[in-house]
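Take a look at this one; I'll ask things after.
Any read-out appearing in this document is the output of simple, stated calculations on the displayed coordinates, not a laboratory observation. This is a predicted model, so every value here is computed, not measured. All Cβ positions, glycine included, derive from the backbone under ideal geometry; neighbour counts span all protein chains shown.
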């Protein structure tokens, strides 16, 4: 397909904007789930107030920011692929599309968790949700690296150092959250 350079740049710009909006929503949505789950430990009046507020925030974030960001991302990606169909034959794009497929599954699974929270049937703990919240970060890093390096994906030591740093950051966040819970529990015990 012959596309004007200006149209191509519009599609690319809107695709990047969509990615930023989508990921901002995904990162914050699961963070709200964590707070929602942790609010279940509050005394009944506070629990109800916080639960209602988190449900409203989750619904608005998912429907007004996250899903429109996803739709913009995917629709502009389709336009870019129509303009550059040969990309579909390249291994980096095939891997990227697989990772985006995983992100789409993650996106719709967040709606399932939101529904479970609303109905009071969510079995996820705050700790499990914190781990789940790291998944889009890992996928984002991989997708960006694929787009930047394409078929020359780096496999030398620097790459593994970066991968190690990402894993270290994710583990540090989990460690800090656990440490904070233990500290709060000991403070609560000492005040009783």
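Pick from 155, 137, 159: which is farther than 20 Å from residue 41 by Cα and in a loop (DSSP other than H, G, I, E, B)? Before you say what the answer is, go through the steps one by one.
On the way: 137 fails: in a loop (DSSP other than H, G, I, E, B); 159 fails: in a loop (DSSP other than H, G, I, E, B).
Among 155, 137, 159, only 155 is farther than 20 Å from residue 41 by Cα and in a loop (DSSP other than H, G, I, E, B).
I need the full set of residues from region 8-36 which are more than 18 Å from the chain's Cα centre (by Cα) and either in contact (Cβ under 8 Å) with a residue 24 or more places away in the chain or crowded, with 17+ Cβ neighbours inside 10 Å (or both), in order please.
The first filter runs over region 8-36 and keeps only residues more than 18 Å from the chain's Cα centre (by Cα), leaving 8-14.
Within region 8-36, 8, 11, 12, 14 qualify.
Working only within region 108-126, note down all residues that are part of a helix (DSSP H, G or I) and either touching a helix residue (DSSP H, G or I) at 6+ places or on another chain (Cβ under 7 Å) or closer than 25 Å to residue 98 by Cβ (or both).
Going residue by residue through region 108-126, those that are part of a helix (DSSP H, G or I) are 108-119, 126.
Scanning region 108-126 gives 108, 109, 110, 111, 112, 113, 114, 117, 118, 126.
Which of the residues belonging to region 127-162 are over 20 Å from residue 100 (Cβ atoms) and surrounded by 12 or more Cβ atoms within 10 Å (Cβ to Cβ)?
So the first thing to find is which residues in region 127-162 are over 20 Å from residue 100 (Cβ atoms), and the list is 127-131, 152, 154-162.
Listed by number, the residues that qualify are 127, 128, 129, 130, 131, 154, 159, 162.
Take residue 61 and decide whether it is closer than 20 Å to residue 136 by Cβ, within 20 Å of the chain's Cα centre (by Cα), free of Cβ contacts under 8 Å to residues at least 40 places away in the same chain and surrounded by 15 or more Cβ atoms within 10 Å (Cβ to Cβ). Let's see the steps before the verdict.
Details: closer than 20 Å to residue 136 by Cβ: yes; within 20 Å of the chain's Cα centre (by Cα): yes; free of Cβ contacts under 8 Å to residues at least 40 places away in the same chain: yes; surrounded by 15 or more Cβ atoms within 10 Å (Cβ to Cβ): yes.
Yes.
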